[in-house]
Structures are given as structure tokens and as C-alpha cells.
Amino acid sequence: MTSSELPAWSEPFTNRRRDLHRPLRLKGVTREWAWGGSTGAGVRVGIIDSGLENAHPKLRGRVVENVTVEMTDDGPTVVPDGPVDMFGHGTACGDIILSLAPDVELVSIRVLGADLRGKGTAFAAGLEWAIEQNIQVCNLSLSSKSESLYPVFHDLADRAYFQSTALISAANNVPAPSYPSLFSSVFSVAAHAEPDPWRIYYNPAPPVEFGAWGVDVPIAWKDGGSTVATGNSFAAPHVAGLVALILSKHPGLSPFEVKAILASVADNPGRRHPWRHRATAP
Amino acid sequence: MDAAIAALVAASRRSAVGRRLQGDVETRLLQSIVDATVRLFDAEAASIALFEPDPDRLEFRVAAGEQGAGAIGLSVPPTQGIAGFVYSTGQALALSDVANDPRFNRDAAEQTGYVPRSIAAAPLLDEHGTQGVLQVLDKHSSPTFSLRDMELLAVFARQATVAIAATRVQRDTARLLRSVLVDLAPDLTEEQADAAVSAATQRLDGEDDAFWGLVDQIARLRGLTDRETSLVGAILETVAAHAERTQRGRIGR
């Protein structure tokens, strides 16, 4: 990919929305059917990020476990972690997910930390642990550029898909391969700019399949604080929250089925009732 | 083998001379990129921090804008702050209302003397990973950064990455020689490659001080007018002719 082909993954969700025209809607699949009445109860969401500040008021005591990856001589090892967030970013993602699905249980898998060497390996080890724990939804607001880890992430993405773990991955706006966000089995998400947490778009021209709110999002931040943030990494947790709502109401759905539901209830302009699925809280 | 080492020494020498004559191309290229960034965004400041190992840190190499100067030379741990997050994750990110974050506020003020209200940062990413971070503080026209801003920032970050990749090879003669040697002779062990590289580059800058003094003097001539340049040329010609005559005289005797 050359520099002139810089991927502007948000483009279809902002300036070229007519390209999103979808005549197909699955009959009977409405937002009310998909997640009406759901609060995310019974669903565990793994946040593979900078940690979670359990005591942050916005996280409302919903964090059930904190682990981190330690690099030892025997390779990466997952160990218990303190209730801390290195940057504030993991806590921000948790806040966004809870704003949509207030009753999910959050699991912090901290893969960003003091030791930057082998951080791709730590990320892969954290993801593998989450899959082994059968965590139903994983929010990944980071990705790896390492060619050597390509097969590792590919294998992990397949394992997740086959056991129905939904991986929600923030797209990366850089002209370089980035894993696992460009794999077909993950929910790859870029930002749109409309201030509505319930508004999503389905993009029929992948690799980025979903658009969610990611511009000027009010979020929780480090040390009990808050701020306003922009980036694809704040769009992904909106989709993670919706996926958790759907899985809470319809346990056992595969990622493929969940994607089909999201595509069907998305706010894309369509032949049938355009804009009818406007934001409605469950 | 001696002839090969001699060739490597000559190549290293030429590269070192070129580097001394050109000045720090990398810094000048990066400076031009932050200059353009701060203008285009109409922002208070723009800066580029590059990752340096041992100890791991993000070092602010260039900055532009009214509030940029305080950042130059500053080092921050790559495990902290917005630059650290963007470096660690490779994800571009913007925050506004950062003044709400008392910790951020204090740290920034202590370090650079300037507390931004908003900040956008993009990773400098190439196929080897993240090399550093480009950040912009406080657009004058808006309290926040739009998607368009983020895309634009990614374009500038790409420019910076290309500049770094192009100049790093020049700057690091040892790395260049090593990679060429390994490409040409895949059977070479690590030790052999290291030995050849150090034989070619050892004391390169230290040896022959009079010669390097001359190179540095010539480097200072960059700003000469045409007349001055021809004057220097004439002087050098005279000196060279004199040296040749004395050398011939010595040989003839």
C-alpha cells in the first residue's frame, strides 16, 4: 500500500453514506427484537487494553477480574493484576460499554505496561487467555503490526470465531497491515461523527465493517477523571456494548449471526423504512 | 579480506563526510513537517517525539508553534500519557477538555510550561512498528479535533515516518554496512559481521582530526555567496597545486 492509498476507514460513514445503501433487511429482525429489554446481564466482556480503574465511579463496580501479562523466561504468563489503568484508555472503553449494556461483567486484561519489549506477544497472550476463559465479547482497541505475529493472531481469531467469542477490533488509520483488525472474522470498527451511541452503520465494502460514534465522545479517564475523546478506539466499544446486549438476550449466537443482526438493524439508508431504526434506548 | 575492509572503510568515510557536510537532515525534515502541521491546523503547537532505547523513552525532537518550544529535548516514559498510549497501541487519538484531568494538567505544566485544552496524536508507524508520535495541541478554530483532522494528522505522520526511514539509514552507517554485508553473505556469523563493521567504522570520527576539522570548515561554507565560493575555490586550487609541487619535489629528490 502506498502513501497515496491512506485508508480513510471512516469515509463511508461520513461523506459517502449513499454507498451504504442496503435494500436487504432481515424480516422480523428489529432493534426491539435484537436487544429490547436487554441490559447485558450474564455476558462477560473482556477489555484488552491498559487496565481498568475498578474504583472509577463510571465503572460502577462492574469489574469482576483484573489480569495482566507478564513476560517471563518461560514466555508470557497471565497473572492477577491490580485495579489500575496505566493510561485511562481501558477505563474509557469500559465506561462506553456500560453506557449501553449496564449489567455486563467487565474483565480487564492489561497488555500495556511498563515493559514495551514483546508487547505484541503480550497482546496475543492476553487474547488467548480471554478465549480460553470463554469470555463472550472482547474489545480490542489496539492491534499489532508484527509480520511474525500474523499467523498467531490469525489462529487466535479463528479459535475465537469457532467458539463464538466476538472480537471487536478498532480499525487503524495507517497504511500498514494491522492484526487482527483486518481479519474477516472480527468486528472491525471505525468512527462516525454523529453524537449518538446507538447509531451504527454497516459497511458492505470491508475490511472495516461497522461504523459507530467515535468523535467527541465524553468518556471516563484516569484517576476518577473524565474527558472528551476522538478515535476509532472509542467507536469499537460502542459496537462491543451492542453485541453484549444481543448476546445477553440471545445467548449462543455465533459472531456471524450477530454481524447479520447488526447489519440488519443498522442505520444505513435503505429502501424499507429508512432512518426508522433511529436511536432508541432499550 | 584486507581489500574488502579497506573498501568498507572508504565507504564509511564517505558516508561520514556526507553526514558532516549536510548537517542533521532528519531534524530539518521533521522540523519542516511540524512547521507545516502547525500552520495547516492553525494550532498552538505541534511536535514529534521519537522512541529511543536504553532507557526506553519518547524524546521530543522538533516542535513548532507559539507554545511548542518548551517541548524540545523533553523525554517522557513511553508508558505514560497520551503520547505513550499512542506509541504503545499504534492508535491515533484526540482528547479535548484535558484541563479536566488535574494530573495531566500538572504534568504538562511542569514539563513544558504550557497546559493545552485539547491534544491530538498519531503514531509514526512503519513496517517495523511505531517509531514515534506526532502531536498537535489546541487548534485556534475549534476546541476539538474532527475526523478530517485525524485523517490529515495521519498524512503528516506518514510523511514523518518516511523522512525518518530515509535518513536513519544514512545516519547509521554501521547499521547500513551490516545489513548490506548480511544480504551479500548470508553465511556470515553475527560475530563476523560485527567484526567487519567495527573494523570499518571504529574511530571514524576520532581519527585524523585535521581532516575532520577541514570537513567541518567546509560544512560551514554552505551559506556563501557565489563570489565567496569562487574565492574559496581559488584558494583551495592554489593550496592543492602547491601541495602537488612539493610532493613532486620530494619524490624527485
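Here are a few things to note about the model shown:
- Search result, residues across region A:15-25 that are closer than 25 Å to A:Ser233 by Cβ, assigned to a helix (DSSP H, G or I) and at pLDDT below 80: A:Arg17, A:Asp19
- Per-region count, region B:23-71, residues under 11 Å from the mean Cα position of the chain (by Cα) and charged (D, E, K, R): 4
- You will find that of B:Arg28, B:Arg13, the residue that is more than 30 Å from B:Arg117 (Cβ to Cβ) and touching a residue at least 24 places away in the same chain (Cβ under 8 Å) is B:Arg13 and no other.
- Highlighted here are the strands (runs of 3 or more DSSP E) found entirely within region A:198-240 that include at least 1 residues which are farther than 21 Å from A:Leu262 by Cα and facing chain B (nearest Cβ under 10 Å): A:217-220, A:226-230.
- Residue check, B:Leu176 assigned to a loop (DSSP other than H, G, I, E, B), surrounded by 11 or more Cβ atoms within 10 Å (Cβ to Cβ), at pLDDT below 80 and not charged (D, E, K, R): no
- Cβ-Cβ under 6 Å pairs, at least 6 apart or on other chains, region B:173-193 side among the aliphatic types (A, V, I, L, M), far side at pLDDT 80 or above and outside any helix (DSSP H, G or I): none
- From the list B:Val17, B:Val38, the lone residue that is in a helix (DSSP H, G or I), in contact with a Phe, Trp or Tyr (Cβ under 9 Å, 6 or more places away or on another chain) and among the hydrophobic types (A, V, I, L, M, F, W, C) is B:Val17.
- Residue identified as surrounded by 15 or more Cβ atoms within 10 Å (Cβ to Cβ) and either over 23 Å from B:Leu93 (Cα atoms) or among the small types (Gly, Ala, Ser) (or both) among A:Val67, A:Val111, A:Val79: A:Val67
- Some residue of region B:75-85 being facing another protein chain (nearest Cβ under 7 Å), under 24 Å from A:Gly51 (Cα atoms) and at pLDDT below 85: yes
- Residue selection: B:Val34 satisfies the criterion of being among the β-branched types (Val, Ile, Thr) and either crowded, with 23+ Cβ neighbours inside 10 Å or closer than 30 Å to A:Ser181 by Cα (or both).
- B:Thr27 within 14 Å of chain A (Cβ to nearest Cβ), more than 17 Å from B:Asp149 (Cβ to Cβ) and hydroxyl-bearing (Ser, Thr, Tyr): no
- Any hit, region B:131-146, residues being polar (S, T, N, Q), within 14 Å of another protein chain (Cβ to nearest Cβ) and assigned to a helix (DSSP H, G or I): no
- Selection count where residues are surrounded by fewer than 24 Cβ atoms within 10 Å (Cβ to Cβ) and out of contact with any strand residue (DSSP E or B) (no Cβ under 9 Å at 6 or more places or on another chain), scope region A:93-107: 3
- Looking across region B:147-169, the residues that are crowded, with 20+ Cβ neighbours inside 10 Å, aliphatic (A, V, I, L, M) and facing chain A (nearest Cβ under 7 Å) come down to B:Leu147, B:Met150, B:Ala154.
- Counting the residues of region B:70-81 that are within 16 Å of B:Ala122 (Cα to Cα) and buried (at least 23 other Cβ atoms within 10 Å of the Cβ) gives 2.
- So A:Ser184, is it closer than 21 Å to A:Leu262 by Cα and not in a strand (DSSP E or B): yes
The values are calculated or read from the model by the stated rules, or taken from the named source; none is laboratory data. Here the structure is a predicted model, which is why all the values come from computation and not from measurement. For neighbour counting, all protein chains shown are included, and Cβ atoms are generated from backbone atoms with ideal geometry for every residue, glycine included.
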